[in-house]
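Bear in mind that the values in this text are calculations on the coordinates, not laboratory data. What you are looking at is a predicted structure, and each value in this text was computed from that prediction instead of being measured. For neighbour counting, all protein chains shown are included, and Cβ atoms are generated from backbone atoms with ideal geometry for every residue, glycine included.
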């Protein structure tokens, strides 16, 4: 691709984040080909049945709680005083009807003498009704909707945690305005928050209660247009200082800075990699000294767009739950509590296995840190990581803990990341692993069952030796060795200018500059090295040789590979 400003690669990015969901009942609309009068009647019926209480709710409004000690609903009389509680014993067939609305028998739902109860850990909550497939339970703070998915997952601590959360909510003054009324809360489990109660503008966690706060400007992130303008100024200023070939490939790269990632070809780097290079000072390696002051202005514009801003936040005493994003949609949820800090985001995409991404794109990585450690303010925060967990739709795939080490559910992992190899390609590629990344997506460490691998922190020989020693232990076989290429190495074309080898080429303007393993490691920026096929093969061969294998780099037609015995 040429370096002209008008020929930039356009990409779209799929942005996903996870956090407290908002409530609200949806009314399904079904279009049926019919005349105007019949259509109006159908719409009226659809709205009536969608907003009408379910049979369980209608019965609960009359029956009230079903066990001794549970609060009874009180309906105000005509003079405004509470009506006496309605006698509400179990009804024959009532529990069966509730179970049918929920969708069948679930763990911890007990059918006893015509009544349905949630029982777990010594706690008991009567089920009053069903709302959109979710059971509604009576509690000391009023009716609570329980996520049916939480029940089907059979999570230990379900009942005892609800007791503790209800007590916290009551102490904070949350709950129904009248006994037996609707509390407005849903009981859920989340991989970041654990068991919690959620309402539209508040959340109750084991760590405390938090209320939604308005943000200045409505939580709007920076505009990527500021980056595009900074690029224009940069090109105008440094263009005259560069030879034509260097100018072309440099402008091709910086022209991507304002773009979002998309479905790039396997031998093209995404815009996020261009931003990683510029964020970490790569321009100083490729610009003449007289032009480096213009790099500072471009970096400042990019920093403004990639700085994380809160776009949604809940705060309480010593507690904050915030969703951060930059102008490109990158970021995640951050929980800050006195004894615990944690954040969650989508795991990085493997470079060479798009099929695996079909499962991993729905996974979520949770990074646990001690209380008081802010990953947005401390560059070395990752060194204090206490735990990593990777979930896929609520199922734990793999974890690492400071004391327990690495663990993985092999069967669950392969359901999400199936064995993909065919022909001469290994089927066991992408074995269970965890990649520690920060909110910006920069690689901080890789964890495997065999050890931890931290990317080079600088270009010194000592750092290269340290990295290679860790790689020998953490990547002992071909499936694990492949993880270096998936996460620590970005394929790029070599510089077309031998006088400026740190430049990055493109499909039309490229050279062939060979790198040793140490030279590849010295190209690291933001935890990621760069090079082409022969450079990657040299890395594989170097690690395999240090593992005691007889390794060689094989030069093939228009390609290179590593092999060993």
Exercise for review: Take the alpha carbon atoms of region 542-565, find their center, do the same for region 382-414, and report the distance between the two centers in whole angstrom.
Suggested key: 32 Å
Review point. What FRET efficiency comes out for the pair residue 164/residue 214, r = Cβ-Cβ distance, R0 = 51 Å, nearest 0.05?
Key: 0.95
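For residue 507 and residue 155 in one chain, what is 0.36 nm times their gap in residues minus the Cα-Cα distance, to one decimal in nm?
Values: separation 352, 0.36 × 352 = 126.72 nm, distance 5.22 nm.
My answer for the length gained is 121.5 nm.
Efficiency by 1/(1 + (r/R0)^6): what FRET value for residue 552 and residue 300, r their Cβ-Cβ distance, R0 = 45 Å, to the nearest 0.05? The partial results should precede the final answer.
Working: r = 47 Å, r/R0 = 1.04.
Step by step, r from the Cβ atoms, then E = 0.45.
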Review point. Among 124, 346, 322, 428, which comes first, second and so on when ranked by fewest other beta-carbon atoms within 10 Å?
Key: 428, 124, 346, 322
Practice item. Mind running the shape call on region 525-565? Use the C-alpha gyration tensor, a ≥ b ≥ c as the square roots of the eigenvalues: rounded below 1.5 for a/c, prolate if a/b tops b/c, oblate otherwise. Key: oblate
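What number, in nm² with one decimal, is the all-direction average of the projected area of the convex hull of the alpha-carbon atoms of region 445-565? Walk me through the numbers before you get to the answer.
Details: hull surface 29.8 nm².
That works out to 7.5 nm².
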Revision key, fill the gap. Between the modelled labels at residue 564 and residue 414 (7 Å from Cα along Cα→Cβ) the distance in nm is 2.5 nm
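Report the percentage of all Cα-Cα pairs in region 125-242 whose separation exceeds 25 Å, rounded to a whole percent.
Details: 2830 of 6903 pairs.
Summing the P(r) of region 125-242 above 25 Å gives 41 percent of all pairs.
Hey, any idea what Rg/Rh is for region 227-289, computing Rh the Kirkwood way over Cα pairs?
Working: Rg = 11.9 Å, Rh = 12.4 Å.
Reported Rg/Rh, Kirkwood definition of Rh: 0.96.
Kindly identify region 301-370 as rounded, prolate or oblate by the Cα gyration tensor criterion: order the square roots of the eigenvalues as a ≥ b ≥ c, call it rounded if a/c is under 1.5, otherwise compare a/b with b/c, prolate if a/b is larger, else oblate. Walk me through the intermediate numbers first.
Numbers: a/c = 2.74, a/b = 1.46, b/c = 1.87.
Oblate shape, in that a/c is at least 1.5 and b/c is the bigger or equal ratio.
Can you give the direction-averaged projected area of the convex hull of the alpha-carbon atoms in region 323-432, in nm²?
On the way: hull surface 33.2 nm².
Result: a mean projected hull area of 8.3 nm².
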Point to revise | Inter-centroid distance (Cα atoms) of region 241-309 relative to region 491-533, Å | key: 15 Å
Exercise for review: Given the peptides 442-449, 303-310, arrange them by the average over their residues of other C-beta atoms within 10 Å, most packed first.
Suggested key: 442-449, 303-310
